[in-house]
Amino acid sequence: MSYTTTEFGTWANYGDQYNVSVEASVGDAISGGDADWRERLEASGAFARIVAEYRDAINAALPERVALAGNDFYGPHFKDDYTWDGELDIAETVQGVDLMAIVERNDPLTLDEIGRDEMHSKAQSPAKVASMAMSRAGVKPFTYLPHPASGRPQALYRAGEVRAALAKRPGRGVRPSKSDS
């Protein structure tokens, strides 16, 4: 079945009145972060992945036949072709997508950060502890960037994959207290 489409409005109309593109809105969302971290997001490809995942989440939240394409929203021209009842509030739909959760899932972590911050390792070399844990869990780096000090390749892992793997490790369940024994 075919239907005629029309532009419903732009990203600035419904997504973010202060930015003309999804990329600019994501850039604003991460602008408060450390400059080295923002550079790592860009260099690792995580920024592009965040933008793509944000676009996909918005499109999944929109009703059938309505889509964000580029920086414009499109949908059926005639009301008979609408797949929703009542008024469509595109801005509310976009606001319902949690961009910061997408950023957190795609945050590129080094082995040192995984060991120190995620695993809370007190070992002399938290990166070695993290490396063994990631290897055992089957989590692979998504890219490598030069280490800022040594220039050697440094593995980067997506925070969402790391956290999911760490949560599944044996011994992470509820343990009975001594009074329950």
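The values are calculated or read from the model by the stated rules, or taken from the named source; none is laboratory data. Just so we're clear, the structure is a prediction, and the values are computed from it rather than from any experiment. Note: ideal-geometry Cβ built from the backbone for every residue, glycine included; neighbour counts use all protein chains shown. For the accessible areas, the whole protein counts, side chains as well, though only heavy atoms, and no ligand, DNA or RNA atoms are used. Shrake-Rupley method; radii C 1.70, N 1.55, O 1.52, S 1.80 Å.
Is it fair to say Arg49 is part of a loop (DSSP other than H, G, I, E, B) and touching a residue at least 24 places away in the same chain (Cβ under 8 Å)? It would help to see each step written out before you state the result.
Details: part of a loop (DSSP other than H, G, I, E, B): no; touching a residue at least 24 places away in the same chain (Cβ under 8 Å): yes.
Spelling it out, it is not the case that Arg49 is part of a loop (DSSP other than H, G, I, E, B) and touching a residue at least 24 places away in the same chain (Cβ under 8 Å).
For the range 44-53, state whether one or more residues are touching a Phe, Trp or Tyr at 6+ places or on another chain (Cβ under 7 Å), of a type outside the set (A, V, I, L, M, F, W, C) and open to solvent by 40 Å² or more (accessible area, probe 1.4 Å). Write out each step before concluding.
Residues of the range 44-53 that are touching a Phe, Trp or Tyr at 6+ places or on another chain (Cβ under 7 Å), as a first pass: none.
Taking every residue of the range 44-53 in turn, none turns out to be touching a Phe, Trp or Tyr at 6+ places or on another chain (Cβ under 7 Å), of a type outside the set (A, V, I, L, M, F, W, C) and open to solvent by 40 Å² or more (accessible area, probe 1.4 Å).
Total residues in the range 64-92 satisfying the condition of being open to solvent by 20 Å² or more (accessible area, probe 1.4 Å), touching a Ser or Thr at 6+ places or on another chain (Cβ under 7 Å) and either under 24 Å from Glu23 (Cβ atoms) or in contact (Cβ under 8 Å) with a residue 60 or more places away in the chain (or both): the figure is 6. The residues of the range 98-154 that are closer than 20 Å to Gly33 by Cβ, part of a loop (DSSP other than H, G, I, E, B) and modelled with pLDDT of 95 or more, listed by number, are Asp98, Asn106, Asp107, Thr110, Phe142.
Taking the range 10-46 as the range and being without any contact (Cβ under 8 Å) to a residue 60 or more places away in the chain, outside any helix (DSSP H, G or I) and farther than 16 Å from Asn71 by Cβ as the test, the residues that pass are Ser31, Gly32, Gly33, Asp34.
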